[in-house]
Amino acid sequence: MTEDKPPFPPFTRETATQKVRAGEDGWNGRDPVKVASAYTVDSWWRNRSEFVEGRDAIIAFLTRKWEHEFEYRLIKEMWAFDGNRIAVRFTYEYHDLEGAWFRAYGNENWHFDEHGLMRWRHASINDLPIKESDRKFHWDPSGPRPLDHPDLSDFGF
(Lines give C-alpha, C1' and ligand atoms only; values in the text may rest on other atoms or scores of the structure.)
Protein backbone atom coordinates (compact mmCIF):
# COMPACT_ATOMS: atom_id res chain seq x y z
CA MET A 1 0.00 0.00 0.00
CA THR A 2 1.35 3.41 -0.99
CA GLU A 3 1.10 6.20 1.55
CA ASP A 4 0.35 9.74 0.46
CA LYS A 5 1.35 12.92 2.35
CA PRO A 6 0.01 15.93 0.48
CA PRO A 7 0.91 18.41 -0.78
CA PHE A 8 2.75 16.66 -3.61
CA PRO A 9 5.57 17.77 -5.85
CA PRO A 10 6.15 19.63 -7.99
CA PHE A 11 5.79 22.31 -5.34
CA THR A 12 4.54 25.85 -5.71
CA ARG A 13 5.43 28.58 -3.22
CA GLU A 14 2.11 27.89 -1.47
CA THR A 15 2.47 24.11 -1.31
CA ALA A 16 6.15 24.26 -0.30
CA THR A 17 5.21 26.61 2.54
CA GLN A 18 2.40 24.22 3.57
CA LYS A 19 4.86 21.29 3.57
CA VAL A 20 7.30 23.22 5.76
CA ARG A 21 4.60 24.18 8.26
CA ALA A 22 3.34 20.58 8.38
CA GLY A 23 6.90 19.45 9.13
CA GLU A 24 7.26 22.06 11.86
CA ASP A 25 3.95 21.07 13.45
CA GLY A 26 4.91 17.40 13.35
CA TRP A 27 8.28 17.92 15.01
CA ASN A 28 6.74 20.21 17.65
CA GLY A 29 4.37 17.35 18.51
CA ARG A 30 7.43 15.26 19.42
CA ASP A 31 5.82 11.94 18.46
CA PRO A 32 8.63 9.94 16.78
CA VAL A 33 6.25 7.47 15.09
CA LYS A 34 4.05 10.22 13.67
CA VAL A 35 7.04 12.26 12.50
CA ALA A 36 8.62 9.19 10.87
CA SER A 37 5.42 8.58 8.90
CA ALA A 38 6.24 11.67 6.79
CA TYR A 39 9.36 9.92 5.44
CA THR A 40 9.75 7.04 2.99
CA VAL A 41 10.35 3.63 4.60
CA ASP A 42 13.92 3.77 3.24
CA SER A 43 14.46 7.48 3.92
CA TRP A 44 18.07 8.60 4.33
CA TRP A 45 19.19 11.40 6.65
CA ARG A 46 22.35 13.23 7.49
CA ASN A 47 21.70 14.99 10.78
CA ARG A 48 24.80 16.83 11.98
CA SER A 49 27.44 14.07 11.92
CA GLU A 50 24.97 11.19 12.23
CA PHE A 51 23.58 9.17 9.35
CA VAL A 52 20.13 7.61 9.72
CA GLU A 53 18.45 5.22 7.29
CA GLY A 54 14.87 3.95 7.38
CA ARG A 55 11.82 4.70 9.50
CA ASP A 56 12.83 2.45 12.40
CA ALA A 57 16.15 4.27 12.67
CA ILE A 58 14.34 7.64 12.42
CA ILE A 59 12.03 6.63 15.29
CA ALA A 60 15.02 5.55 17.41
CA PHE A 61 16.90 8.75 16.59
CA LEU A 62 13.96 11.04 17.46
CA THR A 63 13.15 9.09 20.64
CA ARG A 64 16.76 9.52 21.77
CA LYS A 65 16.77 13.20 20.76
CA TRP A 66 13.63 14.14 22.66
CA GLU A 67 14.72 12.24 25.77
CA HIS A 68 17.44 14.91 26.13
CA GLU A 69 15.83 18.04 24.67
CA PHE A 70 13.13 19.32 27.03
CA GLU A 71 10.49 21.99 26.26
CA TYR A 72 11.50 21.71 22.60
CA ARG A 73 10.03 24.46 20.41
CA LEU A 74 10.85 24.69 16.70
CA ILE A 75 10.23 27.21 13.93
CA LYS A 76 10.94 26.32 10.30
CA GLU A 77 10.95 28.69 7.36
CA MET A 78 10.92 27.82 3.67
CA TRP A 79 14.05 29.20 2.07
CA ALA A 80 13.74 27.95 -1.52
CA PHE A 81 11.99 25.26 -3.57
CA ASP A 82 12.21 23.65 -6.98
CA GLY A 83 10.27 20.66 -8.29
CA ASN A 84 10.47 17.99 -5.58
CA ARG A 85 13.01 19.77 -3.35
CA ILE A 86 12.65 22.27 -0.55
CA ALA A 87 15.38 24.13 1.34
CA VAL A 88 14.49 25.09 4.91
CA ARG A 89 16.10 27.12 7.63
CA PHE A 90 15.08 26.55 11.22
CA THR A 91 15.71 27.46 14.81
CA TYR A 92 14.66 25.60 17.92
CA GLU A 93 15.03 26.12 21.65
CA TYR A 94 15.27 23.50 24.38
CA HIS A 95 16.87 22.80 27.71
CA ASP A 96 18.84 19.81 28.88
CA LEU A 97 18.38 17.70 32.01
CA GLU A 98 20.44 20.17 34.06
CA GLY A 99 18.23 23.09 32.97
CA ALA A 100 20.75 24.71 30.61
CA TRP A 101 19.01 26.37 27.64
CA PHE A 102 20.12 26.19 24.02
CA ARG A 103 19.08 27.64 20.70
CA ALA A 104 19.88 25.49 17.68
CA TYR A 105 20.22 27.06 14.23
CA GLY A 106 20.14 24.98 11.09
CA ASN A 107 19.47 24.40 7.44
CA GLU A 108 17.85 21.39 5.83
CA ASN A 109 17.62 20.20 2.25
CA TRP A 110 14.62 18.00 1.57
CA HIS A 111 13.91 15.71 -1.39
CA PHE A 112 10.42 14.20 -1.83
CA ASP A 113 8.99 11.27 -3.76
CA GLU A 114 5.86 11.54 -5.88
CA HIS A 115 3.67 10.62 -2.87
CA GLY A 116 4.81 13.64 -0.86
CA LEU A 117 7.03 11.55 1.44
CA MET A 118 10.51 12.81 2.20
CA ARG A 119 13.17 10.53 0.77
CA TRP A 120 16.30 12.47 1.79
CA ARG A 121 16.98 14.95 4.58
CA HIS A 122 20.32 16.71 4.92
CA ALA A 123 20.54 18.79 8.13
CA SER A 124 23.36 21.05 9.30
CA ILE A 125 22.83 22.31 12.86
CA ASN A 126 24.74 24.38 15.42
CA ASP A 127 23.78 24.80 19.08
CA LEU A 128 24.31 28.00 21.02
CA PRO A 129 23.96 28.12 24.81
CA ILE A 130 21.51 30.86 25.86
CA LYS A 131 20.18 32.22 29.11
CA GLU A 132 16.61 31.31 29.93
CA SER A 133 15.82 35.03 29.84
CA ASP A 134 17.01 35.15 26.20
CA ARG A 135 14.42 32.62 25.01
CA LYS A 136 12.17 33.81 22.19
CA PHE A 137 9.79 30.86 21.72
CA HIS A 138 7.10 30.93 24.42
CA TRP A 139 4.13 28.82 23.37
CA ASP A 140 2.77 25.72 25.07
CA PRO A 141 5.39 23.05 24.30
CA SER A 142 2.74 20.34 24.01
CA GLY A 143 1.48 21.58 20.64
CA PRO A 144 2.22 23.46 17.44
CA ARG A 145 3.35 27.06 17.21
CA PRO A 146 0.31 29.35 17.25
CA LEU A 147 -0.50 30.87 13.88
CA ASP A 148 -0.06 34.40 15.25
CA HIS A 149 3.42 33.67 16.72
CA PRO A 150 6.33 35.46 14.98
CA ASP A 151 8.31 33.67 12.26
CA LEU A 152 12.10 33.38 12.17
CA SER A 153 12.44 36.47 10.02
CA ASP A 154 10.41 38.44 12.56
CA PHE A 155 13.12 37.67 15.14
CA GLY A 156 15.95 38.54 12.75
CA PHE A 157 17.32 34.98 12.89
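The values are calculated or read from the model by the stated rules, or taken from the named source; none is laboratory data. Please read these numbers as outputs of a predicted model, since none were measured by experiment. When we count neighbours, we look across all protein chains shown, and the Cβ atoms used for this are built from the backbone with ideal geometry, even at glycine.
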Looking at region 60-67, can you tell me whether even one residue there is among the hydroxyl-bearing types (Ser, Thr, Tyr) and either within 21 Å of residue 33 (Cβ to Cβ) or at pLDDT 95 or above (or both)? yes
I'd like to verify a number: residues in region 65-78 that are in a strand (DSSP E or B) and more than 19 Å from residue 119 (Cα to Cα), how many? 7
In region 42-64, what count of residues is obtained for those that are under 14 Å from the mean Cα position of the chain (by Cα) and within 11 Å of residue 118 (Cα to Cα)? 1
Can you find a residue in region 137-147 that is in a strand (DSSP E or B), hydrophobic (A, V, I, L, M, F, W, C) and modelled with pLDDT of 95 or more? no
What residue, of 53, 77, 71, 24, is among the charged types (D, E, K, R) and free of Cβ contacts under 8 Å to residues at least 60 places away in the same chain? 53
Among (1) of a type outside the set (Lys, Arg); (2) in contact (Cβ under 8 Å) with a residue 40 or more places away in the chain; (3) under 14 Å from residue 115 (Cβ atoms); (4) in contact with an Asp or Glu (Cβ under 8 Å, 6 or more places away or on another chain) - the single one residue 39 does not satisfy: (4)
Looking only at region 20-47, which residues are buried (at least 18 other Cβ atoms within 10 Å of the Cβ) and acidic (Asp, Glu)? 24
Residue 20: passes all of (1) assigned to a helix (DSSP H, G or I); (2) among the hydrophobic types (A, V, I, L, M, F, W, C); (3) over 20 Å from residue 113 (Cα atoms) but (3)
Going through region 49-59 one residue at a time, which ones are outside any strand (DSSP E or B), loosely packed, with under 15 Cβ neighbours inside 10 Å and modelled with pLDDT of 95 or more? 56
